[in-house]
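**Q** Let me give you the structure first, and then I'll get to my questions.
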Amino acid sequence: MLLLDGLDELPPSSQGARAKAIFIQQLLSLQSQRRHKIVLTSRSTTLQEIFPRLSLPLRRITIQPLDVDELKQWFQQWATVQSLPIAQNFFTFLKHAGLFASPSKFLEISTLLRQPLMLHLLGILHRDGLLDEELLQLAGNTNAPLLWEIYHRLSRWLLGYPLTGGIKTMLLRSGSAHIHRTTEAIANLLAGRHPQDILEQMRAIALKILHSQRHQINLTGEFHTLPRFYFKTQDFKSSRQGATKSLSLIEFSHIKLGEYLCAEALATELKSLTQRQEDAYGTFTFVLDSPSSVAQHLYNLLGYGVLSQEIEELAFEGWRRSQNHQFSFEVLFQRLLLFWRAYCQGRWLDEGIAHKALTYFHALQNPINVEQVNAAVGLNVFLLLCACHQEAKIHFWACGNPAILTEFNPETLSLLIARTDVLHKNAFATRMRSNSLAGLNLSGASLLQVMLTQVNLEQANLSDAELIGANLTGANLKQANLAGANLRQANLAGANLERANLVGANLEQANLMGVNFNSANLTHACLFDAILTEADKEFATVSGALFSKEEFQKLKNLRSLPPQASQQSLLNIYKTTAKTDIRWNKPPNIGIIESSEGMILPVDLYDDADDETVFSTNPIDDSNEY
């Protein structure tokens with residue numbers, strides 16, 4: 001049996017995901033000879049990125065969280081490694097917090113502590129008085145606030161100043177006074193350097209590992225002073241052309257800890273876009289002031305590949321903690337928006353900035369090409385703009401304002417989607433399956449035949465958008481404004497259209513099987529030859545939808561007529577259709593028709609048991625809820 005620990009250690013290739021696909025095909029060919037069984041570990045999304053549309057002959061095995069017996073073993077081992085009182089106190093704290101109950105009061109952190117790494121990290125924090133009820137309260141809809149605080153406290157613990165940065169230690173517990181990091185251990189790590197210098201070095205190396213897009217990276221020099229808690233290092237000598245150099249092979253000790261360092265590094269570098277300086281005359285300017293300097297900074301920072309959701313969320317959590325301290329989401333948004341508009345016009349390619357960034361990435365042995373660099377920067381900046389828009393409730397016209405023709409380009413987003421295919425197939429849709437597009441203003445956008453399966457477009461404004469042939473399978477369009485949108489032949493199977501505004505939308509020949517139409521407004525929507533169930537067809541009829549292409553076209557034509565003429569034409573249509581539809585005993589409000597393709601919906605942006613022991617004569621009782 002061959003056990004392969006992920007795909008991270010494959011040699012870099014300019015073919016990107018295609019090289020991984022070739023490797024997996026080779027594995028399948030080897031296994032088909034029936035001489036080997038192969039187990040390949042990876043994240044759940046990895047194969048989807050490599051083979052988005054293929055059904056591979058693979059059996060998926062999911063690693064299960066620690067169960068009751070395994071948790072017993074872990075606490076017994078923790079008592080051996082630390083001490084019995086430390087392990088007992090940790091268990092008691094988690095039990096009193098309700099983290100072993102079913103259902104748990106803090107579901108997110110209960111899930112985390114059933115993972116060996118996070119249980120170990122939480123054990124360290126509790127041992128040193130850094131795990132308290134205040135931290136548990138951070139568990140919410142996302143793990144980012146909780147994870148950021150855990151990693152933040154760990155870094156402060158490691159560098160010897162846990163009383164700074166808003167961290168409050170608890171009283172020393174029985175049997176724990178001997179276990180805190182000693183001044184000797186801290187002094188040995190710092191080696192006379194300030195803790196902030198160590199942090200900056202860690203972030204700089206983390207950024208290089210991220211930019212290399214490799215499992216490990218070779219750097220000139222010796223890095224044996226790096227904390228082994230975060231990094232694995234191996235020193236060796238390299239001889240080339242008669243010269244011998246000292247090199248270090250560096251990798252993260254664990255990818256999750258590495259993600260935090262990468263997020264901190266990215267957040268710091270992006271924060272520099274918002275920093276100002278005062279000249280001798282008292283005038284404030286940005287430190288990075290010229291458009292070209294901002295562009296080069298962003299290409300070097302974000303051109304490496306696709307920004308992961310985990311790193312993005314951790315970076316934003318770090319910014320939330322630093323608000324009112326020389327950081328503003330609004331300022332960052334405006335600076336990124338200026339770059340974005342010029343990017344959409346191809347300015348940075350014309351100025352050769354993407355090619356300069358390519359030299360930097362190649363020096364780190366990242367085999368990315370210039371098209372991929374340009375696509376990655378566009379996608380990553382778009383992600384940041386969307387996240388800032390949601391965080392600070394800033395209005396964001398992704399394609400520009402349709403009312404201002406000089407800035408409006410309806411194909412902006414479709415061009416970005418097409419461009420990102422050089423990263424991997426369906427890179428845009430795959431990365432946008434969180435909440436990245438929620439609440440976005442895409443009014444009038446041209447999105448012909450785009451692939452947006454399972455994306456979150458909740459409360460998005462897609463009025464008058466061209467979505468002919470678009471694949472919106474399983475998309476979340478709850479409360480979306482699709483008034484006047486052209487969805488002819490679009491695939492909306494399984495989509496959520498609850499409370500969506502579909503007034504005047506064209507759904508001709510669209511696949512509407514399994515769609516959630518709960519409270520959706522289908523007034524004057526065209527469902528000619530649409531694929532839908534009889535129950536949904538009945539609901540659409542009652543809701544005022546049209547099943548005649550001719551009637552729908554006549555209603556659309558009314559928009560170009562003067563109000564009085566359009567009213568008379570509407571009455572003529574009413575007389576024609578009254579024979580077949582008894583519900584039309586009154587002509588519809590002309591105001592609805594006149595605004596059917598431009599109407600924008602308002603969007604609101606704005607049991608306590610005795611303690612048990614698991615270490616001696618009173619083990620955890622399997623009968624208790626865990």
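The values are calculated or read from the model by the stated rules, or taken from the named source; none is laboratory data. The structure displayed is predicted, hence computed values, not measured ones. Glycine gets a Cβ as well: all are built from the backbone with ideal geometry, and neighbour counts include every protein chain shown. Note: accessible area is taken over every heavy atom of the protein model, side chains too, but ligands, DNA and RNA are not part of it. Shrake-Rupley method; radii C 1.70, N 1.55, O 1.52, S 1.80 Å.
**Q** With θ set to phi - 60°, apply the Karplus curve 6.51 cos²θ - 1.76 cosθ + 1.60 along the stretch 330-335 and write out the HN-Hα couplings as whole Hz, x wherever there is a Gly or Pro.
**A** 5, 5, 4, 4, 5, 5
**Q** If packing is taken as the average count of other Cβ atoms within 10 Å, what order do 99-111, 189-201, 462-474 fall into, highest mean first?
**A** With the highest mean Cβ count within 10 Å placed first, the list reads 462-474, 99-111, 189-201.
**Q** Leaving out same-chain residues fewer than 8 places away, which lysines sit with a Cα under 17 Å from that of Lys537?
**A** Lys549
**Q** In addition: Treating only the Cα positions of the stretch 476-517 as identical point scatterers, give the base-10 log of I(q)/I(0) from the Debye formula at each q in 0.18, 0.19, 0.28 Å⁻¹.
**A** -0.42, -0.47, -1.03
**Q** For Thr142 and Gln449 in one chain, what is 0.36 nm times their gap in residues minus the Cα-Cα distance, to one decimal in nm?
**A** Net length gain for the segment: 107.3 nm.
**Q** Okay, moving on. State which entries of Lys20/Lys256; Lys208/Lys393; Lys425/Lys478; Lys237/Lys271; Lys20/Lys478 exceed 30 angstrom in Cα-Cα distance in the structure shown.
**A** The pairs that break the limit, which is 30 Å between Cα atoms, are Lys208/Lys393; Lys237/Lys271; Lys20/Lys478.
**Q** Label Ile531 and Gln323 with points 7 Å out from Cα along Cα→Cβ: what is the distance between them in nm?
**A** Between Ile531 and Gln323, the simple spin-label model gives 4.5 nm.
**Q** Among the chymotrypsin sites (Phe, Trp or Tyr not before Pro) in the stretch 238-320, which ones are in a DSSP loop with at most 12 other Cβ atoms within 10 Å of the Cβ? Mind listing them?
**A** For chymotrypsin sites (Phe, Trp or Tyr not before Pro) across the stretch 238-320 that sit outside H, G, I, E and B with at most 12 neighbouring Cβ atoms in 10 Å, the list reads Tyr281.
**Q** Can you figure out the FRET efficiency of Ser293 with Gln234, using R₀ = 41 Å and their beta-carbon distance, to the nearest 0.05?
**A** E(calc), rounded to 0.05, equals 0.65.
**Q** What is the list of residues in the stretch 325-348 whose amide nitrogen lies under 13 Å from a point 7 angstrom out from the Cα of Arg276, following Cα to Cβ?
**A** Label zone hits: 326-328, 331-332.
**Q** Something else about it: What does the accessible area of His96 come to, in Å² to the nearest 10, when a probe of 1.4 Å is used?
**A** Result for His96: roughly 100 Å² accessible.
**Q** Please give, to one decimal in nm, the separation of the simple spin-label points placed at Gln31 and Ser246, each 7 Å out from Cα toward the Cβ.
**A** Simple spin-label model gives 4.5 nm for this pair.
**Q** How large is the accessible surface per residue of the stretch 286-415, computed with a 1.4 Å probe and reported in Å² as a whole number?
**A** About 41 Å² of surface per residue is accessible.
**Q** Between Ser42 and Leu405, what is the label-to-label distance in nm when each label sits 7 Å out along the Cα-to-Cβ direction?
**A** Calculated label separation equals 4.9 nm.
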